[in-house]
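Taking it in order: structure first as structure tokens, then the write-up.
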Amino acid sequence: MKKTPLLLSGCLSLALLASACGGAPPAAPANPTPAKPATPAKPAAKPAPKPAKPPADKPKKEQPKELKVPVPADWETYWDDAKGYEFSVPAGTTAEWETHNGVDWFVGKAPAPSDCKIVVVAFKDRKASLEDLAKLAKDICVEAGDKDVNLGALKEISNDYAIADGEGTDEGKKYKMRVLAATDVTDNYIVIIWTDAEKFEANKQITDAIIGSFQMYSGGFSGESGDVKSETGTK
């Protein structure tokens, strides 16, 4: 099924409703704090030859060099300085970036031969934990109609970031995915990257670079984090 911001927004609502009806505390509020109407999330000055740069004056904690995956110079950087995050995707990635009910949805697909599918979600909830966000990522896939969705153990990278790998089936085709969960005081972020199961290893460098490019502008829940450390095969 083609995943669009509007579809996934509905899936998020269903996932939250299912969580609440099941007696478990919801991973995020059913009515997230609305975004300011005048400041929707925006892509970096496309289709200019070189994307504009995100704000340089925002505090960021650099990752250790041995863990940082270099982002190619021609990649495109997206950011939202109101919600305080940024990330990069391969040049030529198709992208839809919309806000529904106060939740930011970026849905993209990297160009061939990678064809990675990318979703970035940003919303407010002071109480959401990394475990809540990971569960919500899985529930979004289920509500979107994917079958046999499984998410492995959550690997906490810091107090503010965690990564998990998973798998599922979309319209009969098996896929693998990597999920990044991040929390920054009241702001919460989920990054999901899907790739055909047989392409997962070949796409690992691209997946790691997208995950590694995600940054929060402020101090994070612990007051210490800025970037996510990337799991990479190039250590």
- For the subset of the range 143-175 comprising residues that are assigned to a strand (DSSP E or B), touching a Gly at 6+ places or on another chain (Cβ under 7 Å) and charged (D, E, K, R), which member is nearest to residue 124 (Cα to Cα)? 165
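Could you run through the range 73-84 and say how many residues are over 16 Å from residue 193 (Cβ atoms) and either in contact with a helix residue (DSSP H, G or I) (Cβ under 8 Å, 6 or more places away or on another chain) or in contact (Cβ under 8 Å) with a residue 12 or more places away in the chain (or both)? Walk me through it before giving the result.
So in the range 73-84, the residues over 16 Å from residue 193 (Cβ atoms) come out as 73-74, 77, 79-84.
Checking the rest, the ones that are also either in contact with a helix residue (DSSP H, G or I) (Cβ under 8 Å, 6 or more places away or on another chain) or in contact (Cβ under 8 Å) with a residue 12 or more places away in the chain (or both) come to 74, 77, 79-84.
Residues in the range 73-84 being over 16 Å from residue 193 (Cβ atoms) and either in contact with a helix residue (DSSP H, G or I) (Cβ under 8 Å, 6 or more places away or on another chain) or in contact (Cβ under 8 Å) with a residue 12 or more places away in the chain (or both): 8 in total.
Mind checking which residues of the range 187-197 are open to solvent by less than 10 Å² (accessible area, probe 1.4 Å) and either among the small types (Gly, Ala, Ser) or touching a Cys at 6+ places or on another chain (Cβ under 7 Å) (or both)? Can you show your working first?
Just the residues of the range 187-197 that are open to solvent by less than 10 Å² (accessible area, probe 1.4 Å), to begin with: 188-193, 195.
Across the range 187-197, the qualifying residues are 193, 195.
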- Residues of the range 107-145 satisfying the condition of being modelled with pLDDT under 90 and of a type in the set (Lys, Arg): 124, 126, 127
- Query: Do any residues in the range 119-132 that are among the hydroxyl-bearing types (Ser, Thr, Tyr) have Cβ atoms under 8 Å from those of residues that are surrounded by 18 or more Cβ atoms within 10 Å (Cβ to Cβ) and assigned to a strand (DSSP E or B), where the two are at least six apart or on different chains, and which pairs are they?
  - Reply: 129/183
- Task: Answer yes or no: is there a residue in the range 133-140 that is more than 14 Å from the chain's Cα centre (by Cα), open to solvent by 70 Å² or more (accessible area, probe 1.4 Å) and among the charged types (D, E, K, R).
- Result: no
- Query: Does residue 220 satisfy the condition of being assigned to a loop (DSSP other than H, G, I, E, B), farther than 14 Å from residue 120 by Cβ, at pLDDT below 85 and not polar (S, T, N, Q)?
  - Reply: yes
- Message: Checking the structure you have, find out if any residue of the range 103-125 is in a loop (DSSP other than H, G, I, E, B), open to solvent by 50 Å² or more (accessible area, probe 1.4 Å) and aliphatic (A, V, I, L, M).
- Response: yes
- Message: Looking only at the range 60-75, filter to residues that are over 17 Å from residue 205 (Cβ atoms) and open to solvent by less than 100 Å² (accessible area, probe 1.4 Å); which one of those is modelled with the lowest pLDDT?
- Response: 64
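Within the range 153-186, how many residues turn out to be of a type in the set (Gly, Ala, Ser) and open to solvent by 40 Å² or more (accessible area, probe 1.4 Å)? Talk me through it step by step, then tell me what you get.
Within the range 153-186, the subset of a type in the set (Gly, Ala, Ser) is 153, 158, 162, 164, 166, 168, 172, 181-182.
Next cut, open to solvent by 40 Å² or more (accessible area, probe 1.4 Å) only: 153, 172.
The number of residues fulfilling the criteria is 2.
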- Would you call residue 172 over 22 Å from residue 183 (Cα atoms), among the small types (Gly, Ala, Ser) and out of contact with any Cys (no Cβ under 7 Å at 6 or more places or on another chain)? yes
- Taking the range 76-96 only, how many residues are small (Gly, Ala, Ser), open to solvent by less than 20 Å² (accessible area, probe 1.4 Å) and on the phi < 0 side of the Ramachandran plot? 1
- Item | Close pairs from the range 170-191: first in contact (Cβ under 8 Å) with a residue 24 or more places away in the chain, partner part of a strand (DSSP E or B) and basic (Lys, Arg), Cβ under 8 Å, at least 6 apart | 170/147; 186/124; 187/124; 188/124
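The values are calculated or read from the model by the stated rules, or taken from the named source; none is laboratory data. Computed from a prediction, not measured in an experiment: that's the story for all the values here. With ideal geometry, Cβ positions are generated from the backbone for all residues, glycine too; neighbour counts draw on all protein chains shown. Keep in mind that these areas ignore ligands, DNA and RNA; they rest on the heavy atoms of the full protein, side chains included. Shrake-Rupley method; radii C 1.70, N 1.55, O 1.52, S 1.80 Å.
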